[in-house]
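Worksheet: the structure to be examined is printed underneath.
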Amino acid sequence: MGASLPPKEANLFKLIVKSYETKQYKKGLKAADAILKKFPEHGETLSMKGLTLNCMDRKSEAYDLVRQGLKNDLKSHVCWHVYGLLYRSDREYREAIKCYRNALKIDPDNIEILRDLSLLQAQMRDLTGFVETRQQLLTLKPNHRMNWIGFSVAHHLNSNASKAVEILEAYEGTLEDDYPPDNERCEHGEMLLYKISLLEECGVFDRALEELHKKETKIVDKLSYKEQEVSLLVKLDHLDEGEQLYRTLLSMNPDNYRYYEGLQKCVGLFSENGHYSSEEIERLNALYKSLGQQYKWSSAVKRIPLDFLQGDQFREAAESYIRPLLTKGVPSLFTDLSPLYNHPGKADILEQLILMLEHSLKTTGHYPEKAEKEPPSTLLWTMFLLSQHYDRRGQFEVALSKIDEVIEHTPTVIDLYSVKSRILKHAGDLAAAAALADEARCMDLADRYVNSDCVKRMLQADQVALAEKTAVLFTKDGDQHNNLHDMQCMWYELASGESYFRQGDLGQALKKFLAVEKHYADITEDQFDFHSYCLRKMTLRTYVEMLKFQDRLHSHTYFHKAAAGAIRCYIKLYDSPSKSTAEEDGDMSKLLPSQKKKMRQKQRKAEARAKKEAEEKNEESSASGVSKSGKRHVKPVDPDPHGEKLMQVEDPLLEATKYLKLLQKNSPDSLETHLLSFELYIRKQKILLAFQAVKQLLRLDAEHPDSHRCLIKFFHKVGLMHSAVTDTEKLIWSVLEAERPTISHLHDKSLVEANKSFLETHKDSLMHRAASAEMLYVLDPNKKSEAVTLIEESANNMVPRNGALGPIREWKLKECIAVHKLLATVLVDNDAALRWKVRCADYFPYSSYFEGSRSSATPNSVFNQICNNSENGNPYHTVVGQNVDSLASNGKLETFKDLTI
């Protein structure tokens, strides 16, 4: 390194390296310039200067210098290593690996390069190469603990846990008997627990338990020790010992649900599906009663029995669980109880129980069979719980009357307004929901959660500008919109993207969805620093868990929503291309040459002006952002603030396919994945891939309306295609002919018969009838009136129940909106769509979509009452239609100086 230089310059070269490592970039740059004055062609110095400039955000200069340095000294491992570091900083990991390999050809035993290469191989999951590099590092430095551990982890990740155990045992053989010293006990204990988890993974439970007991004194983390021990005891079928150990763990943490589950397994009373016989329920009840005597303050020991108890026993347990929480005033009680609504009959029992408590509190002021009076707040929280119950059951009118009663009782509780907002959202009045959420927000301007809840409601009501102004009240000063992006606020970007999509602004929608995808790419990159950190700190079990989590990262719900949203945008863009391409060219062609020239000049000037303004704004914000190291903290200018460039893709379906492949890999059990796959491939004329999507839909849920739609559409489209001519087409036809008999829905039936059979099977379901009607129209457009009649003859039946108040109907608002859109856009029958709208307005009086009698579309709505109250000086209200500029001061006190709380 710097070997070809005289002693003085060689020392300066070492100073460059040291300055780079200590982030003193200006000092390093000065030393590099001093060498290059005398030796302007010195390759290694040029490369190091480029690396230093790269850290100062001068990337183009950096690449030029490093390439020049490499050109001047191709046989220098330093130049190749630096080139690899440059690529690594830009996340070009494959190119970086190539550079490191070239450097190792010149200096095969360079530990720095080998270590850097191993980190990249772990990042890229090149596990075979990772094992080889780690072995080489261990051979070169066998007295370094991190090399032993790294080699073991490499084998574990490469699915060779037994070899990983052998390596750890060989490492332990090199240690002295009194190892570890006090300052390394935690790290050594973690390594031992990792080794035992490897033995467990290999299936040698006896040996793992023996090793655990043998090394007990050296393991510092006693909780992990006990959890590992009980896991091995259960797997070895030593259930009595396991039971005792789970009871010990419960005494340490009586609110850990996993410990209760483990205890149930040990006593033979655990069921994956939650179904138990009456005898098992009695035994479970006795078990939890005895545990309840031991752990009286534990909430888990009281809550878990509600999942398996039935009838009167459930009612008794629910009452004893609910009463103290109502007295205490726990707003999240309904969220805690909501899973019980999926159990048959329990929702009815809960309703009767809460109504009984409410009646007793209203008439006597105390609970039934209890003498002491309850505070007034108990009635408040009881009615609050009841309003959420009716909301969950779809009885929005009852829910709203109940929450209004609560607000009248105590008008200063913020949670009441938030819940009323949620009820209105479920009832279909999104504008009123946003108004109520804003009212709740103004009651506590320092509450970030309430602010976020308000933003979400505004986005659901498509009030994007106001939502953004409200969201940035809790961001830092500066570029507010970018700040939300920097905070990786994915829920906001998803809700915003969906709102833009509903409004038809595909550019902005794509921008938001792709921003979420970028966050997931950043999360993937963020694991890089942990490859060396975790080996150094010996957090090996957590490290392996983190890598497994990263491998399934793209199966997360937020990524699925973002990718699906982006695919829908690209499909819509393909179906109706933006004016920015074809139509604009057509408009330009009508102009005279001189007019065309003027138009283009005008456009260029406008673009240049916008770019200059953005750069000036950026320079102002970063003028004081230069650190002592010389690195400039410059925020990048957004070259496409409205997503116009994203819409100008040549092949939208090709872009959509990139995201579809990620969904197919990471969310193969989602219906939406295969629905999008079908829509995409049918447009691309990829017949077999579209058929593959249909088969996946039938595998997941053959009776789903969308599965039926895709099946009929596919074979109808295939039937309309011309006869096979080429060998490829003949092969496709032969595959389809062989596969069709295997589909039970089409077995020995025509498409019309299959559609009729599907309708007969699901004649009482609105969405199934709508799917059958749509397919009837697709198969024969002349039967449009018959298809419309099929939908209109659907009956909205009552749901059988034992509740105390109000009827519940089968149809859901979301389903009815989908049917209305089907009538208006697919069947194109405006009269039928209008009749459907009138009919649904009666079923959903609060729905603004159907312009129900109590929705914000009518004068007497909740929304208009809020607006009127605001005009009449109600201090808690802010009008949703207010000037959004009034919220633009970034949460400073001046914004709210005129408000009276």
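When only alpha carbons are used to place a centre, segment 381-397 and segment 505-567 end up 38 Å from one another.
Simple rule: put +1 on each Lys or Arg Cβ and -1 on each Asp or Glu Cβ in the chain, find the dipole, and look at SER855, VAL828, MET56; the Cα lying farthest toward the positive end is MET56. Over segment 810-858, the fraction of Cα-Cα pairs per 5 Å bin, rounded to whole percents and listed from the shortest bin up, is 5, 25, 30, 23, 13, 3.
The three principal axes of the C-alpha atoms in segment 352-407 carry coordinate ranges of 35, 22, 13 Å, sorted with the longest axis first.
Give the residue list of GluC sites (Glu not before Pro) in segment 714-808 that are DSSP loop and have at most 14 other beta-carbon atoms within 10 angstrom.
Loop-located and lightly packed - GLU793.
Give me the aspartates and glutamates in straight-line cross-link reach of LYS265: C-alpha distance below 18 Å, same-chain residues under 8 apart excluded. Straight-distance partners of LYS265: GLU227, GLU229, ASP237, ASP240, GLU241, GLU243, ASP255, GLU279, GLU280, GLU282, ASP307. Projected label points at ASP638 and ASP780, each 7 Å from Cα along the beta carbon direction, are separated by 5.3 nanometres. With each run of n ≥ 4 DSSP H residues scored as -39500 (n - 2.57), what mean residue ellipticity at 222 nm is computed for the chain after dividing by its residue count and rounding to the nearest 500 deg cm²/dmol? It comes out at -21500 deg cm²/dmol, rounded to the nearest 500. Roughly how far apart, in whole Å, are the Cα centres of segment 670-686 and segment 148-208? Using only Cα atoms to place each centre, the spacing works out to 47 Å.
Expressed as a whole percent, the accessible area of the chain that falls on carbon and sulfur atoms is 51 (1.4 Å probe). Largest accessible area first, the listed residues THR174, THR470 line up as THR174, THR470 when surface is computed with a 1.4 Å probe on the assembled protein chains. Coordinate range of the alpha-carbon atoms in segment 166-212 per principal axis, descending: 32, 19, 15 Å. The loop-placed trypsin sites (Lys or Arg not before Pro) in segment 433-498, going by DSSP, that have at most 13 neighbouring Cβ atoms within 10 Å of their Cβ come out as LYS476. In terms of Cα to Cα distance under 22 Å, which lysines are near enough to LYS222, apart from those fewer than 8 places away along the same chain? Those lysines meeting the cut-off are LYS195, LYS214, LYS235, LYS537. Using every pair of distinct Cα positions in segment 1-141, the Kirkwood expression returns a hydrodynamic radius of 15.3 angstrom.
Rounded to the nearest whole angstrom, the semi-axes of the ellipsoid equivalent to the chain, taken from the Cα gyration tensor as √(5λ), stand at 52, 43, 34, largest first.
With contacts taken as Cα pairs under 8 Å and at least 6 residues apart, the chain reaches a relative contact order of 8 percent. Between segment 313-361 and segment 79-147, what's the alpha-carbon centroid distance in Å? Between the Cα centre of segment 313-361 and that of segment 79-147, the gap is 60 Å. The mean sequence separation of alpha-carbon pairs under 8 Å and at least six residues apart, normalised by the residue count of segment 414-550, gives a relative contact order of 14 percent.
How would segment 420-474 be classified by its alpha-carbon gyration tensor: rounded, prolate or oblate, with rounded meaning a/c under 1.5 and the a/b versus b/c comparison settling the rest? Oblate shape, in that a/c is at least 1.5 and b/c is the bigger or equal ratio. Taking GluC sites (Glu not before Pro) across segment 353-415, the ones in a DSSP loop with at most 15 further Cβ atoms lying within 10 angstrom of their Cβ are GLU369, GLU372.
Given the Cα-Cα distance of GLU41 and TYR558 and 0.36 nm per residue of separation, how much length would full extension add, in nm? Walk me through the numbers before you get to the answer.
Details: separation 517, 0.36 × 517 = 186.12 nm, distance 5.16 nm.
Computed gain between GLU41 and TYR558 is 181.0 nm.
Treating only the Cα positions of segment 250-390 as identical point scatterers, give the base-10 log of I(q)/I(0) from the Debye formula at each q in 0.14 Å⁻¹. Cα-only, vacuum Debye calculation for segment 250-390: -0.70.
Residues in the chain average 51 Å² of solvent-accessible surface per residue, probe 1.4 Å, ligands and nucleic acids excluded. Pairs over the 30 Å Cα-Cα cut-off, from the set LYS695/LYS763; LYS163/LYS226; LYS420/LYS661: LYS420/LYS661.
The values are calculated or read from the model by the stated rules, or taken from the named source; none is laboratory data. Only a predicted model underlies this, so the values are computations on that prediction, with no experimental measurement involved. Methodologically, a virtual Cβ is constructed for each residue, glycine included, from the backbone with ideal geometry; neighbour enumeration extends over all protein chains shown. The area values use the complete protein model at the heavy-atom level, side chains included, leaving out ligands, DNA and RNA. Shrake-Rupley method; radii C 1.70, N 1.55, O 1.52, S 1.80 Å.
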